[in-house]
Ligand code: TRP
């Protein structure tokens, strides 16, 4: 088979590490707490988990099946499996989503680098939540350092992507993920033992359904897709590097469970501390950057902890940025028939340009507003809630209706030991339930509250 000639993952653990590395990132540690906080806490968490199971896993399965069966990048995969149709446009939307996501993601990944330096310099020490908030705002509103850090992120991401799949992506992710979990658990323990933390746990785990709007439902769906890295072909691309001997279903479960546990742990890390430290007014993208330094101050060994923590968050972000860049690079390389080097250069530079605009929208460009959102806010909102949601919708429709159940199951059951009934259930969800559910959320939001 021609696809066997491509670079690829070498083992099941390698696939899980890379895909879980893609899934686990700022989406869990930075975005999940802030979006959950803005959308009412407990009820949002429940909807989020519901969407991970009902939509996330089926879309993930679909992407892996499409990717492995075609052995091609996000656009090429649709061209191969549905020649002569317009389905490749779904892949194109995915490439656009990768551009937009990586642009604002690079901003936040850059912030984590600044925070590593600040942690080293012990600059959180003795500051109140208000002071920590001010220093976050001053930093993000400045020009030179945030842009510099973002460039460092982009260059590092490009450098890993240049090395290819097995030597680059797979190697880095295998080692770091377990270490990150250990550290997060330690921070959780400190956060829940702070006096006054109970209110935070209540906020996270006690659903208050009166806070639920259509938009909140859409955002839970978008966050589920964002966190699992589905809806734009990242896992089509990774799927094309997965060998036939690897069972897809078990892989998907492992990824979804890991990702969800880390998101919930991040919530436990942030909300009890937020309430205990009296920073209730701290919301938005600054949430973890303000709350966590407060926790480090109050824990034994907090100085060292803070340093290691931000280093690991940065590395978790990096295993996600590489998956985003790989989507674009794989496409450029295969479709435009250019070398990996050229493809990486073009992609990295062009995404960086958009990225700088996102970064500066906290400072110099903060006056630019569209739909009441800054460039950064718009990129974040549009990518997760619109591009990924519609991407996921088209991917399940493609798999359920165009590819069809028998081909889906044929690919999904390779090397898979689970009861075939499970695959049938998933095929049913892909064909009927997921499209209807995603469609209902999108249409409901659009007609009742307006999509933006
Ligand atoms: N899932 C990653 C996170 O939670 C972000 C990410 C990486 C992503 N690759 C993606 C999101 C592809 C959507 C699609 O941090």
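Of note:
- The one condition in (1) under 30 Å from residue 56 (Cβ atoms); (2) crowded, with 22+ Cβ neighbours inside 10 Å that residue 276 fails to fulfil: (1)
- Residues within segment 225-244 that are outside any loop (DSSP other than H, G, I, E, B) and more than 10 Å from the ligand (Cβ to nearest atom), tallied: 2
- The number of residues in segment 123-155 being modelled with pLDDT of 95 or more and assigned to a loop (DSSP other than H, G, I, E, B) comes to 2.
- Criterion applied to 313, 282, 270, 288 was being within 23 Å of residue 131 (Cα to Cα), at pLDDT below 90 and in contact with a helix residue (DSSP H, G or I) (Cβ under 9 Å, 6 or more places away or on another chain), and the one residue passing it is 282.
- Inter-residue pairs, beta-carbon under 7 Å, first free of Cβ contacts under 8 Å to residues at least 12 places away in the same chain and in segment 354-382, second surrounded by fewer than 16 Cβ atoms within 10 Å (Cβ to Cβ), 6+ apart: 378/370; 378/371
- Any chance residue 204 is in a helix (DSSP H, G or I), away from the ligand (no atom under 15 Å from the Cβ) and surrounded by 19 or more Cβ atoms within 10 Å (Cβ to Cβ): yes
- Within segment 296-400, helices (runs of 4 or more DSSP H) holding 2 or more residues that are within 21 Å of residue 72 (Cα to Cα): 302-335, 340-360, 389-397
- Within segment 135-151, the set of residues being loosely packed, with under 15 Cβ neighbours inside 10 Å and under 14 Å from residue 117 (Cα atoms) comprises just one member, 148.
- Restricting 213, 251, 237 to those that are touching a residue at least 40 places away in the same chain (Cβ under 8 Å) and surrounded by fewer than 21 Cβ atoms within 10 Å (Cβ to Cβ) reduces the list to 213.
- Qualifying residue in segment 310-327 (condition: closer than 26 Å to residue 176 by Cα and away from the ligand (no atom under 16 Å from the Cβ)): yes
The values are calculated or read from the model by the stated rules, or taken from the named source; none is laboratory data. If you're wondering where the values come from, they're calculated on a predicted model, not measured in any experiment. Cβ sites come from the backbone with ideal geometry, for glycine too, and all protein chains shown count toward neighbours.
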